[in-house]
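> To start, I am sharing the structure in question, which I have written as structure tokens.
What follows is calculated from the coordinates using simple rules that are stated; it is not laboratory data. None of these values were measured; they are calculated from a predicted model. With ideal geometry, Cβ positions are generated from the backbone for all residues, glycine too; neighbour counts draw on all protein chains shown.
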Amino acid sequence: MLRATPRATARPVLRRFLVGAATSVAVAGSLTAVPPAAYAQADGTALLSPTRPGDGPGRDHLTVTVRNAGGGADGTFELYCNPDGGSHPDPGGACDVLERDTRWGQDVFAPAPEGGFCTMQYGGPATAHVTGTWAGRPVDATYDRRDGCQISRWDRLVPLLPGMGGNRGAKA
């Protein structure tokens, strides 16, 4: 029977230690090395300046299509938030109302709860369709004013959606 000597068992441990240390040094060196060509491709400043929220592909963008609202409110509008802009009539107000109602774990564009008690009032023929991205999540929501629950859901998003009736143009 062969006995392991302390020298024989120390070699694999030492080898693992040396390989691990060499790998760590190599990884650290590769993280700090940025070739000059990378600066040239980025116009020299993109790698040096931090990105702001709203810059680039993560920017919030919604397309709002409104029909049968009347009063010049019908149409398709683009909305960008952070920074606010687009063809929407009130991008600042629309972004503010969305920010106000955005909560962790809740969908600001969620439909009215099923089985709720809704007043049987009719708010008119206006409809809206909102698509795009909000808070990094896809949006595809439809709105109408067929009963009290739907009217409330619509009014909660004024001025993203146009104000109707007594609250036309009001910020909810």
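> Assuming a ≥ b ≥ c are the square roots of the Cα gyration tensor eigenvalues, decide whether region 65-120 counts as rounded (a/c under 1.5), prolate (otherwise, with a/b larger than b/c) or oblate.
Oblate, because a/c is 1.5 or more while a/b does not exceed b/c.
> To continue, here is another question. Give the residue from ALA135, PRO125, SER87 lying farthest towards the positive end of the charge dipole for region 73-172; charges sit on Cβ (+1 for Lys and Arg, -1 for Asp and Glu) and the dipole is referred to the Cα centre.
Of the candidates, PRO125 comes out farthest on the positive side.
> Let me ask you something else. If the chain between THR76 and ARG156 were fully stretched, how many nm would it gain, using 0.36 nm times the residue separation less the Cα-Cα distance?
Using 0.36 nm per residue and subtracting the Cα-Cα distance, I get 26.8 nm.
> Still on this structure: So what are the ³J(HN,Hα) numbers for region 145-153, from phi and the Karplus equation (6.51, -1.76, 1.60; θ = phi - 60°), rounded to whole Hz, Gly and Pro as x?
The phi angles translate into 10, 7, 7, x, 5, 5, 4, 4, 4 Hz.
> For region 60-172, what does the alpha-carbon gyration tensor say about shape, rounded, prolate or oblate, given a ≥ b ≥ c as the root eigenvalues, a/c under 1.5 as rounded, and a/b over b/c as prolate?
Cα axes put region 60-172 in the oblate bin.
> Still on this model: Taking H as built 1.01 Å from N, whose amide H comes closer than 5 Å to the amide H of GLY132, not counting residues under 5 places away?
THR63, VAL139
> Say a paramagnetic label sat at a point 7 Å from the Cα of ARG59, along Cα to Cβ; which residues of region 87-117 have their backbone N under 17 Å from it?
Only 87-96 pass the distance filter.
> Taking a virtual spin label 7 Å from the Cα of ARG137 along the C-beta vector, which residues in region 86-111 bring their backbone nitrogen under 16 Å of it?
98-111
> Right, next: Percent relative contact order of region 60-147, based on C-alpha pairs within less than 8 angstrom and at least six residues apart?
Normalised by residue count, the contact order of region 60-147 is 32 percent.
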